[in-house]
Structures are given as structure tokens and as C-alpha cells.
Amino acid sequence: MWNELRHLIRKEFLLEWKQRYALSGLLLYVVTTIFVCYLSFKKVVDVPTWNALFWIILLFASVNAVAKSFMQESRHRNLYYYTVADPKLVIGAKLIYNTLLLLSLALLHLAIFSLLIGNPVQDMTLFLIALFLGVFGLASVMTLISAIASKAGANSTLMAILGFPVLMPLLLTSIRLSKNAADGLVVASNQQFIIVLLALNIAISALAIILFPYLWRE
Amino acid sequence: MQFPHLQSYYFHTFGENKVDIFLANFMKSLWWKLGSIALLFYTVIAGFLLPVPALPILHESIRNLYFHVPMWFGMIIILTASLVGSLQYLANQNEKHDMLASEAAKTGMLFGALGLATGMCWARYTWGAWWVNDAKLNGAAISMLTYMAYLVLRNSIDEDHKRAKIAAVYNIFAYVMMLVFIMVLPRMTDSLHPGNGGNPGFGKYDLDNNMRMVFYPAIIGWTLLGVWILQLRIRLKKINSHLETNQ
């Protein structure tokens with residue numbers, strides 16, 4: 001099982017490396033969006049605004065990043081995977097790969113965002129925890145939604161209207177937690193947010209793994 | 001009966017064992033419908049005439065409890081029926097369960113819209129604004145958006161079987177997220193909404209026995225009305241699909 005999972009994850013990396021234009025397009029998307037914000041905002045001093053801007057850019061970048069995960073391969077090749085691999089492992093590999101992809105994207109985003117727009121975060125550890133938990137949830141939700149949208153015509157509008165409402169609980173909790181981190185509030189008041197985020201992440205990835213086998217065969 | 005093939009319909013939904021046949025016969029009976037009408041008449045008459053506690057700010061607007069809160073109870077119960085339909089569809093791919101899921105989602109949205117409307121009117125006279133930025137209100141609005149997305153998803157797929165399966169998967173996912181949004185998150189933040197600010201539910205009103213005597217019948221009455229609407233919708237859909245296939 002682990003061997004199969006390892007091969008599936010390796011396949012995702014190889015596929016990304018073969019289509020480097022998608023990766024570079026994604027990086028360019030983040031940099032361009034931040035630069036547009038930089039030119040229109042200059043410095044953002046207000047912490048809630050800074051935080052909201054950070055997460056909104058991350059949200060749109062990650063929708064673009066994950067949207068292709070079920071659309072880039074042809075139906076025939078998917079059919080081939082289905083005959084050789086367990087559907088739970090297929091979605092598991094995609095979850096892990098997308099989490100890693102979004103996490104590196106988010107860290108890069110944080111670096112460039114801090115450089116151009118400024119970084120008022122006082123408690124960096126907590127902010128990174130919020131970022132990791134939020135990004136993991138984003139990746140899981142968008143992976144399942146991308147599987148659903150790819151079966152239903154696969155346009156990005158559908159992806160957004162299906163994904164954004166179900167993302168809201170996760171996104172709002174992450175935004176609250178990272179705002180607390182930026183304000184440097186004591187950890188005791190943040191525990192409940194971390195617990196809710198952890199529980200949400202577990203529920204979302206469990207649902208994705210349970211529901212995907214029903215989706216994969218047409 | 002003009003549509004003899006419909007007679008077997010409920011037995012298909014419920015299965016063949018004794019409990020299911022009893023349930024199927026009960027759903028066809030008149031009694032719960034008459035009960036719903038009686039309870040709703042009682043709710044409207046007693047709800048506007050019986051005394052209510054004189055609380056500051058709320059005053060007589062507290063009577064909205066009999067109309068606004070049962071809408072959310074009804075919505076959650078009917079959307080749970082939709083969830084059950086989706087789960088059953090994934091288990092045995094029977095078209096009838098997909099029908100239950102989609103029609104229950106539409107009926108649940110009707111209740112949600114009415115809940116929003118009654119809440120907004122109440123908020124206008126109590127808080128002074130139609131809409132405020134509050135965890136409970138936003139949760140309700142987002143769950144409406146989720147179910148609208150569910151309907152858009154259904155419309156975007158042509159093939160019946162494929163549509164039913166994909167929509168069922170989204171419905172299950174959406175239901176869990178909706179529960180988190182309207183049950184868990186509002187309890188973590190302060191809210192203007194009655195019953196919030198630490199204590200979930202509506203314990204403050206429960207203390208008053210007069211209100212309890214109207215409130216519980218109101219919940220049962222409105223929910224039964226929702227089930228009735230759902231039953232009619234499913235029958236209509238059934239007739240339409242029968243007419244389409246037999247043209």
C-alpha cells in the first residue's frame with residue numbers, strides 16, 4: 001500500500017515537472033497579484049486588511065493551483081489509473097501532493113508579500129501553524145471539488161461556486177487565527193481555533209477519501 | 001386513483017419490511033396533514049394572543065420565535081432528509097432516492113429563505129438594520145449559497161445517473177460543512193443573536209411556560225408542513241418523469 005502511494009505521489013511530481021509552464025504560471029500569478037496590490041495599496045498598516053488581503057490572494061492562487069489536478073490528464077489515462085490503483089490511494093496521493101504544492105506556494109507568497117506590502121505579524125510560529133492548517137484544508141476541499149467539477153463540464157466558474165461556500169468555515173477560522181497571531185494574542189485564547197481547524201481538516205480529508213471512490217468511475 | 005403506478009411508489013422508497021410498510025401507509029394517511037393544519041392554526045392564533053414576557057428591546061417582537069425559529073428547525077430536518085436520500089442513492093443507485101435528495105434540498109431552501117425573511121424583518125425592528133455582520137446570519141446565508149450551488153451542479157450535468165451520483169457526493173460534503181457553519185462556528189464568537197454569547201439554544205425563553213406551550217407545537221406544525229410540501233413535490237416530479245418517459 002505504501003509503495004503504491006509512493007509511486008502515485010511520485011507520478012504527481014513527475015507530471016508537474018513535465019508541464020513546468022503550469023508551475024511557473026502559478027508562481028507568476030502570485031507575484032503579479034501581489035505586485036498589483038503593492039502598486040494600489042503601497043504599504044498596508046491595518047492588520048485586519050493585511051490579513052484579509054493575504055488570505056484572499058492565497059485563496060485564488062490555490063483555486064488555480066488545485067483546479068487542474070483532475071483536469072490535466074486525459075480520460076483514457078485516468079481510466080488506466082483506475083484499473084491499476086486503489087481509488088482511496090489515488091485521492092490520498094493527490095491530497096498529499098496538493099498540500100505540499102500549496103504549502104510551498106503559501107510560503108513563497110508570505111515571503112514576497114512581506115517584502116512588498118510589509119509584515120506586521122508578531123507571533124510568527126502561530127501564524128505558520130494557522131497557515132499550515134488552513135492550507136491543508138484548502139488543498140483537501142479543492143481537490144474533492146476539482147474531482148466533482150471535472151465530471152461536470154470542468155469550468156472554473158463551477159469550481160468557484162461549488163468551492164467557496166464549503167470553504168467558508170475553514171477559511172474564516174484560519175483568518176481569525178492568523179489575525180490573532182498577527183496581533184500577538186496569547187496562545188490560550190487561540191486553542192479553540194486550532195482544535196476546530198484540526199477537527200475540520202480531519203473531517204474534510206476523511207470525507208474526501210470516503211466519497212471519492214463513488215466519483216471516479218462514471 | 002388516476003395514476004395506478006404511483007401506488008407502489010412509497011413502498012419503493014421505504015422497502016418491504018413491516019416498519020417500512022407501516023411508515024409508507026402513515027405517509028399516505030390524512031392524519032398528520034390534518035395535525036399540521038391544526039397545529040399551525042393554533043400557532044398563529046395562540047402565538048399572537050397568548051401573553052409573552054415583557055422583555056426590554058424585544059417587546060412583542062419576541063413572538064417571531066414561533067415563526068422564525070421553526071423555519072430553521074424545519075430546514076435542518078428536511079435537509080437531513082436530503083442527506084439521507086443522497087446516502088441511500090450512493091448505496092443502491094435507486095433513482096427514487098435521488099428524487100428525494102433533490103426535492104428535499106429545494107424544500108429546505110424554501111424554509112431557509114423564509115427563515116431569512118422573517119429574521120430580516122425582525123432585525124429591522126429590533127436591531128435597526130435589515131442585515132448585520134453576525135456569525136449566525138452569515139452562516140445561514142452561506143448555507144443557502146451552498147445549496148444553490150448544489151442546484152447549479154445538478155443542472156450542469158445532462159446524464160441522469162451521472163448527475164445523481166455527483167450531486168449526491170457534493171450534497172453529503174455540503175451538509176457536513178453547513179452543520180459546522182451554523183452549529184459550531186457561531187458558538188465560538190460573540191453574537192448579537194438571541195441565545196448566543198456563551199449559551200447555545202434559547203434557554204432564556206424556555207423559562208417561560210406560556211411560550212413553550214406555543215413554541216413546541218409550532219416547530220412540529222411547520223416541520224409537518226415542510227414534509228407535506230416535500231411529499232407533493234416528489235409526487236409531481238414522479239408524474240412528470242413518468243409522462244416524459246411514456247410520451
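With no solvent and one point per C-alpha, what does the Debye sum give as log10 I(q)/I(0) for the stretch B:44-133 at q = 0.13, 0.19 Å⁻¹? Relative scattering, expressed as log10 I(q)/I(0), comes to -0.57, -0.86.
So how many Å³ per residue does the convex hull of the Cα atoms of chain A work out to?
Given the Cα convex hull of chain A, per-residue volume reads 120 Å³.
Give the Debye-formula value of log10 I(q)/I(0) at each listed q (0.18, 0.19, 0.26 Å⁻¹), with one equal scatterer per alpha carbon of the stretch A:43-98, two decimals each. Treating every Cα as an identical point scatterer, log10 I(q)/I(0) equals -0.71, -0.75, -1.04. These residues, A:196, A:84, go from largest to smallest accessible area, 1.4 Å probe, as A:84, A:196. Burial of accessible area (probe 1.4 Å, heavy atoms of protein chains only) in the stretch A:145-192, relative to its chain alone, reaches at least 40 Å² for A:148, A:151, A:152, A:161, A:162, A:165, A:166, A:169.
In chain A, the longest principal axis of the Cα atoms and the axis of helix A:156-183 are about 40 degrees apart. Please determine, in degrees from 0 to 90 and to the nearest 10, the orientation of helix A:87-117 with respect to the longest principal axis defined by the Cα atoms of chain A, where the helix direction is its Cα long axis. The answer is roughly 30 degrees. Based on protein heavy atoms only, the protein assembly as shown ends up with 48 Å² per residue of surface accessible to a 1.4 Å probe. Between residue B:60 and residue B:28, full extension at 0.36 nm per residue minus the direct alpha carbon distance yields a gain of 7.6 nm. Axis angle, to the nearest 10 degrees, between helix B:135-155 and the longest C-alpha principal axis of chain B: 20 degrees. Among A:58, B:50, the order of accessible area from largest down is B:50, A:58, computed with a 1.4 Å probe on protein heavy atoms. The Cα trace of the stretch A:64-134 gives Rg and Dmax of 17.0, 51 Å, the first to one decimal, the second as a whole number.
Lys pairs in the stretch A:2-216, Cα-Cα under 17 Å, at least 8 apart or on separate chains: how many?
8
The helix-only estimate of mean residue ellipticity at 222 nm for chain B, built from DSSP H runs of length n ≥ 4 each weighted as -39500 (n - 2.57), is -24500 deg cm²/dmol after division by the residue total.
Set the Förster distance to 35 Å, then compute FRET efficiency between residue A:42 and residue A:156 from the Cβ-Cβ distance, nearest 0.05. With a Förster radius of 35 Å, E is 0.70. A compact globular protein would have a Cα radius of gyration near 2.2 N^0.38 Å; the ratio found for the protein assembly as shown is 1.10.
For the stretch B:13-237, the Kirkwood hydrodynamic radius comes to 18.9 Å, computed from all pairs of different C-alpha atoms. Surface composition of chain A: carbon plus sulfur atoms hold 70% of the accessible area, using a 1.4 angstrom probe and ignoring ligands, DNA and RNA. When A:109, B:68, B:59 are compared by accessible area at a 1.4 angstrom probe, the order from most to least is B:59, B:68, A:109. Sum up the charges of everything whose Cβ sits under 13 Å from the Cβ of residue B:170, counting Lys and Arg as +1 and Asp and Glu as -1, but leave residue B:170 out. Charge balance near residue B:170 sits at +4.
Computing the accessible area with a 1.4 Å probe over protein heavy atoms, can you report the carbon and sulfur percentage for the stretch B:13-237?
The value for the stretch B:13-237 is 69 percent carbon and sulfur by accessible area.
Along its three principal directions, the equivalent ellipsoid of the stretch A:1-106 from the Cα gyration tensor extends over semi-axes of 34, 14, 10 Å, largest first.
Computed from protein heavy atoms with a 1.4 Å probe, the total accessible area buried between B and A is close to 2400 Å². How far apart, in nm, are two points set 7 Å out from the Cα along the Cα-to-Cβ line at residue A:74 and at residue A:188? Once both label points are built, they end up 6.3 nm from each other. Looking at the stretch A:141-218, the trypsin sites (Lys or Arg not before Pro) that sit in a DSSP loop and have at most 14 other Cβ atoms within 10 Å of their own Cβ are A:217.
The values are calculated or read from the model by the stated rules, or taken from the named source; none is laboratory data. Keep in mind it's a predicted model, so treat the numbers as computed, not measured. In this analysis, Cβ positions are derived from the backbone assuming ideal geometry, glycine residues included, and neighbour counts consider all displayed protein chains. In case anyone asks, the SASA skips ligands and DNA or RNA and just uses the protein heavy atoms, side chains included. Shrake-Rupley method; radii C 1.70, N 1.55, O 1.52, S 1.80 Å.
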